[in-house]
Amino acid sequence: MRSISILAGLAVALVLPVWAQGLPRDAAVNAAAPNKTLEPRVVTNSGRLEWLPHAHNLTPWPTLSHEDRRPAPKPRKARLAGPLDGDAGRGRDIAVRPDKGYCIVCHQIPGEEWPGTVGLDLRGFKQRQYADAAVYQQIFDARVNNAQTVMPPFGTNNILSEQEIRDLVVFLQSLE
Ligand code: HEC
């Protein structure tokens, strides 16, 4: 068994182009567009998955895999200037949308079912009484607080705009 998987690994390494060889072995890669990964879709009643090109460019999202050694931008300190000026409704939208923050894959927020549990539960966030600037920094680039964090650096990697992060801060600070 072992030698078979080594041989299979070798065959994959020989077939894959150079850009793909830096990726973890289990990463699904779309050869036609290397910056867009593939997403699985169940083929009904077949027991199979088919892989479709992901519409969204995932380049700014780190894979969170220890095997992914592609260079990442350095952690960045963020400065929250002026009044917060955000919108809680937009913030909630950003927190649940897969093509925006998608915070619910890791965090629980009120009113959302099937949250992820990798990150802290954000229900009742207001009671933690963090300064707005600290929450802004955590979302902008969590690596400033924890170098080993799995939370993506939403600001540094341009996944979210400054305004979108402000909307999230207002939303989180409103959670009773
Ligand atoms: C891949 C998982 C993941 C995603 C996605 C993620 N986070 Fe986190 N987050 C974490 C983890 C884990 C922590 C705990 C601190 C650490 O390990 O760095 C955390 C901590 C936090 C904290 C600090 C909470 C506290 O009480 O100290 C805030 C605020 C936060 N995240 C907000 C967000 C927001 C807003 C989003 C979406 C834009 C988001 N997170 C997306 C994993 C994630």
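Table for the structure above
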read-out	value
Nonlocal amide H pairs with Glu39, under 5 Å, H built at 1.01 Å	Leu52, His54
Amide H contacts of Leu49 (H built 1.01 Å from N, under 5 Å, at least 5 apart or other chain)	Val43
Kirkwood Rh, Cα atoms: Rg over Rh of the range 76-127	1.01
Cα-Cα pairs of the range 88-173 separated by more than 21 Å (percent)	19
Two-site FRET efficiency, Glu50 against Leu120, from Cβ-Cβ distance with R₀ of 45 Å, rounded to 0.05	0.80
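Every number in this text was worked out from the coordinates using simple rules, so none of it is lab data. Note that this is a predicted model, so its numbers are computed, not measured. A quick note on method: Cβ atoms are made from the backbone with ideal geometry, for glycine too, and the neighbour counts reach across all protein chains shown.
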